[in-house]
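Have a look at the structure below before the remarks.
The values are calculated or read from the model by the stated rules, or taken from the named source; none is laboratory data. It should be emphasised that the depicted structure is a prediction, and the values quoted were computed from it without experimental measurement. Counting neighbours? That spans all protein chains shown, and the Cβs are built from the backbone with ideal geometry, glycine included.
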Amino acid sequence: MSWFGNIRTFHASALNLLAGSLAKCPDLPWEKVQRLVAHCPPLPDSSSSSVVLHDRGLSGVVALGLFAVESELAHHGVKVLHYLLQLLESLPRASWVQNTLASAKREGVIVEQFCYKLGLILSQIAATNPSHSSKIVKALLDVLQWFCDQFIKSLSTTPEEVCYETVPAILGLARAMKGTAECRAKAFREICGLEGEPEGGGGEEISFTFDTGDIIKLKNMVLRVTGSQQLKHLTSTAEGLHEGAGQGAGLPYRSSLSQVLHCSLVTLLRDIVTSCTLPLDPGFYHQLVKVCELEMEGGVRELGSSASASSNERAFHVICILSAATDMLVWASRNDTEIDSTFHRLSSLLTVHTSRFNVLVSPLRATILEGISSLAVRSQTLIPAALNTYKDLLYSSLLARMYSDAVASGNMESVLTARPTSFQMLTSYRLTSVHVSRADAFACVQWTLGQVVYSTLQAACEGGREVMDGFLASLGNKLYTTDANDNFALRTAECIVMVLGHVASHMGSKFNVVATVTGMFGQRLFHPTSSLDGKLVGELARIAAHTAVLL
């Protein structure tokens, strides 16, 4: 980092330390708080004036936000919140000052970062102060709406402004509202430079809430942008800026800007609607189902296109869009017809071969598995079909090949105890490369497969254990008859052993599952020695550690 970069970092750290100290002071006079406000951008004098925003002013805003959250708005909270909301409302008229010492590749970052950090601060204030939540949510949506409208109206007339300011602003605001309350709290602590967990432990999760009007407004906004012709031409416009005047050289993610914007808005909508517990009009669910079906059809076509095939980054964002559409489709399917249609759509996509993206697409396969399980639990007539779908994946060459590649990579865990954290959706879209290890790709699908088999069998047992017994018996028979000289069959058998071990360790002695599974493993161990024996012993140890039945 340059000496000037160190100075900027020192300035931000010093302000954050001051903010944390002031937040702990009782009966704090306003004059003390003004020491922080003095480092923030001054608000415009009139509605026609613009505010000048830069990275040094952003450091002041972050510090003021830290003060507001840490003090729980106890000290002049109304004044501080009023300033932050006015600053948010002034973003559409802002004049952006780029950091002249930043590399060309990072031009435009200040717009996204300012919108992201200011939006995240307000989201965190809303989460910790529910009485202000509605006002903050509506202000965030109003500003996001303005930028979305500006994108649609101005791409053809002012492409530089749209690509360098409008789109980054949308990305920043969308990132600020995405994710769970826990993820936003963690992100807030990161931008403030705070380490460790907040004092007081986890506690009950509080989140800023969207009412039905807010959700409908957000849905209409997202659909208007994602369905527009402007979105289709965004990437080519950004590339044209680069090839023309040379001013696009520093534009982040220009080669996949359409997919980045699309992904950002769709995943935001997914996070908001799937966390909604309020009753919505039946027409809302029906429209969302149709939209998600179109998104999935378009995403599958996009993955097969030559443009996506040439870029891992572009393909990754398409996969994120497909994953978000899958989550929303499952959530919005409410009647029996929609549930059946969604179930069969997801089942047909599960084992689709995606050529060079078979590794990259693993998180989507995991999301599809979770969707199938959720639908089967809600509509129990689908349980037998769901279990057959799991078996088809278990016996497929796709999973065996993924496992072989994972083992060959040398990074494969001997026992899968958790889903890899590397597949959490990225909050930053400035990717120069996307790399997914083969071991994590397989572990993501295999662990999720074990989890959905377990949850589906639990639901099946509510109506008796016949379905479960039949499913376990079919896997046991496949395991018992595996040819030790067939490498492909052995890989499939090892996948079966991992699934059975997962189910037994989670269900324990319930329905005598542990005895059934360990009996299957014991029968297979009486066969001549093979490479399968180590996996059997490992899963027996796992079952013993989880259930204490074998100890």
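For H82, the conditions (1) part of a helix (DSSP H, G or I); (2) surrounded by 15 or more Cβ atoms within 10 Å (Cβ to Cβ); (3) at pLDDT 85 or above all hold with the exception of (2).
Listed by first and then second residue, the pairs linking a residue in the range 29-45 that is among the charged types (D, E, K, R) to a residue that is part of a loop (DSSP other than H, G, I, E, B), with Cβ atoms under 9 Å apart and 6 or more places separating them unless they lie on different chains, are K32/C25; K32/H75. Exactly one residue among A376, A385, A406 is under 28 Å from the mean Cα position of the chain (by Cα) and under 26 Å from F488 (Cα atoms), and that residue is A406. The lone criterion from (1) in a loop (DSSP other than H, G, I, E, B); (2) modelled with pLDDT of 95 or more; (3) not hydrophobic (A, V, I, L, M, F, W, C) left unmet by S433 is number (2). Only residues that are surrounded by fewer than 18 Cβ atoms within 10 Å (Cβ to Cβ) and in a loop (DSSP other than H, G, I, E, B) were counted across the range 21-50, and they come to 16. Residue count for the range 143-167, restricted to those that are among the polar types (S, T, N, Q) and more than 26 Å from S123 (Cα to Cα): 4. Among the residues of the range 193-212, the ones that are under 23 Å from V62 (Cβ atoms) and at pLDDT 90 or above come to 0 in all. F511: in contact with a Cys (Cβ under 7 Å, 6 or more places away or on another chain) and either at pLDDT 90 or above or of a type outside the set (S, T, N, Q) (or both), yes or no? For F511, the condition - in contact with a Cys (Cβ under 7 Å, 6 or more places away or on another chain) and either at pLDDT 90 or above or of a type outside the set (S, T, N, Q) (or both) - is met. Exactly one residue out of N411, N485 is in contact with a Ser or Thr (Cβ under 9 Å, 6 or more places away or on another chain), polar (S, T, N, Q) and modelled with pLDDT under 85, and it is N411.
All told, A493 falls short of being buried (at least 19 other Cβ atoms within 10 Å of the Cβ) and touching a Phe, Trp or Tyr at 6+ places or on another chain (Cβ under 9 Å).
Selection of helices (runs of 4 or more DSSP H) fully inside the range 438-512 by the criterion of at least 3 residues being under 32 Å from the mean Cα position of the chain (by Cα) returns 438-460, 487-507.
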